[in-house]
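The values are calculated or read from the model by the stated rules, or taken from the named source; none is laboratory data. None of the values given here were measured: they were computed from a predicted structure. Neighbour counts run over all protein chains shown; Cβ positions are idealised from the backbone, glycine included.
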Amino acid sequence: MADQVEHWFNRRYGVNRRDVYLIRTETGWQVLGRQGGADGREAVYYFDREADARAMLARMLATVPDELSNWAQMTAYKHRPS
């Protein structure tokens, strides 16, 4: 089982969309980067320590060209109020 800890989105759509996820797994941490939306290219990096995973997350956010780096942290709603 894996838990999405953070999701960053660059506020673009189509080929210019970028998503970066920090994921906690049963055995460690993953950082997943996606370019081009849901069907785009993905890169996944695996880490034993959270600090190492967060360092990669920061590198991935920093290496996107300036014109595509208007990052927003997405919030997952687990329960909507009635």
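What about Arg59, is it among the basic types (Lys, Arg) and crowded, with 16+ Cβ neighbours inside 10 Å? So Arg59 does not fit the description; no. Cβ-Cβ contacts under 7 Å between residues 6 or more apart (or on different chains), taken from a first residue in region 1-28 that is at positive phi to a second residue that is hydrophobic (A, V, I, L, M, F, W, C), are listed as Arg11/Ala72; Gly28/Phe47.
Say we look at region 10-34 and pick out the residues that are buried (at least 17 other Cβ atoms within 10 Å of the Cβ) and of a type in the set (A, V, I, L, M, F, W, C); which of these is farthest from Leu61 (Cα to Cα)? It comes out as Trp29. State yes or no: is Asp39 among the acidic types (Asp, Glu) and under 23 Å from Asp66 (Cβ atoms)? No, not satisfied. In region 62-76, the residue that is surrounded by the fewest Cβ atoms within 10 Å (Cβ to Cβ) out of those that are part of a helix (DSSP H, G or I) and at pLDDT below 95 is Asp66.
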